[in-house]
Every structure is written in structure tokens, then in C-alpha cells.
Amino acid sequence: MKTKKVTYFTEDEEKIIDLLAGIGMQINVARVLVFLSRTSEATSHAIEKGTGLRQPAASVAMHYLEGQGWIEFRTKDIPARGRPAKISALVCPLAEIIRVLEAAKEKELAGLREKIRELKKYTR
């Protein structure tokens with residue numbers, strides 16, 4: 001019988017995922033982001049297994065992260081396999097990504113505050 005090593009998120013990692021989702025990040029994106037932040041690089045298959053996501057959902061999340069400039073892809077030939085493996089790695093540390101998210105939310109909050117001030121003018 002063949003055995004496989006299964007990786008699960010720790011309580012702290014689950015909390016990070018929940019917090020990222022709580023500030024508006026899609027849950028699947030948060031799962032992939034946290035998974036990649038805990039490893040130097042990973043194949044698409046490892047990301048799917050490690051996050052518990054199916055291939056389409058993992059792929060959409062990875063492409064979103066790539067669009068943000070937070071991850072990059074490369075291919076690696078694997079002997080005895082016809083297709084090269086797609087390897088993903090974070091190019092930006094999680095702490096920097098959180099700073100970017102914080103700045104975006106601060107800007108969003110400032111816009112909301114301005115709209116509320118404008119609304120108050122009509123209620124006096």
C-alpha cells in the first residue's frame with residue numbers, strides 16, 4: 001500500500017485565512033496565499049492537496065495572486081512524465097501583502113467617510 005504525507009493548516013494558519021476573508025479577500029485566494037507563504041514553492045498539485053481546493057478553484061486563486069504580482073510561475077520537467085510541472089512561489093512576503101491590503105482598505109475607508117460626511121449635509 002502506498003502512503004502519502006498529508007499537510008493540514010494549523011490553527012494559526014486557519015485564523016489568518018479567516019481574517020483575510022474577513023477583510024474581503026476571497027476564501028480560496030486566502031487559502032492559496034497562506035499555503036504558499038508557508039513553503040518556498042509548490043506544484044499546482046501540491047497546492048490543490050494542501051489547500052483542499054479542486055483544480056479549477058485553485059487555478060482561479062493562483063491567477064488572481066499572479067495578477068496582483070504576488071506570485072510567479074515556472075515550469076519544471078519531471079522525468080517519466082509527459083507534461084512539465086507548474087511550480088508557483090510567492091515573490092512578495094506575506095507581511096508586505098498585508099501592508100498592501102491595509103493601504104487599500106484605508107483608502108476605501110477614507111472614501112466611505114467622505115460619502116458619509118456628504119450624506120450628513122442632506123440630513124440637517
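The values are calculated or read from the model by the stated rules, or taken from the named source; none is laboratory data. On a predicted model such as this, the values are computed, not experimentally measured, just so you know. All Cβ positions, even for glycine, are placed from backbone atoms using ideal geometry, and neighbour counts span all protein chains on display.
Okay, here's what the table says:
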read-out	value
Set Ser40, Ser44: member being modelled with pLDDT under 95, more than 23 Å from Glu108 (Cβ to Cβ), surrounded by 15 or more Cβ atoms within 10 Å (Cβ to Cβ) and more than 11 Å from the chain's Cα centre (by Cα)	Ser44
First in the range 97-117 and at positive phi, second anywhere and among the acidic types (Asp, Glu) and surrounded by 11 or more Cβ atoms within 10 Å (Cβ to Cβ), Cβ under 7 Å, 6 or more apart	none
Checklist (1) farther than 17 Å from Ile17 by Cβ; (2) within 13 Å of the chain's Cα centre (by Cα) applied to Leu65, failing item	(1)
Within the range 17-27, tally of residues that are without any contact (Cβ under 8 Å) to a residue 60 or more places away in the chain and surrounded by fewer than 21 Cβ atoms within 10 Å (Cβ to Cβ)	6
Leading residue by the ranking (surrounded by the most Cβ atoms within 10 Å (Cβ to Cβ)) among those in the range 80-124 that are among the small types (Gly, Ala, Ser) and not in a helix (DSSP H, G or I)	Ser88
Some residue of the range 48-63 being surrounded by fewer than 15 Cβ atoms within 10 Å (Cβ to Cβ) and touching an Asp or Glu at 6+ places or on another chain (Cβ under 9 Å)	yes
Test for Ala103: is it within 30 Å of Glu11 (Cβ to Cβ) and of a type outside the set (D, E, K, R)	yes
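Condition check ((1) assigned to a helix (DSSP H, G or I); (2) more than 18 Å from Pro84 (Cα to Cα); (3) out of contact with any strand residue (DSSP E or B) (no Cβ under 6 Å at 6 or more places or on another chain)) across all residues:
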{"site": "Arg31", "(1), (2), (3)": "yes, yes, yes"}
{"site": "Phe35", "(1), (2), (3)": "yes, yes, yes"}
{"site": "Thr39", "(1), (2), (3)": "no, yes, yes"}
{"site": "Glu48", "(1), (2), (3)": "yes, no, yes"}
{"site": "Pro56", "(1), (2), (3)": "yes, yes, yes"}
{"site": "Leu65", "(1), (2), (3)": "yes, yes, no"}
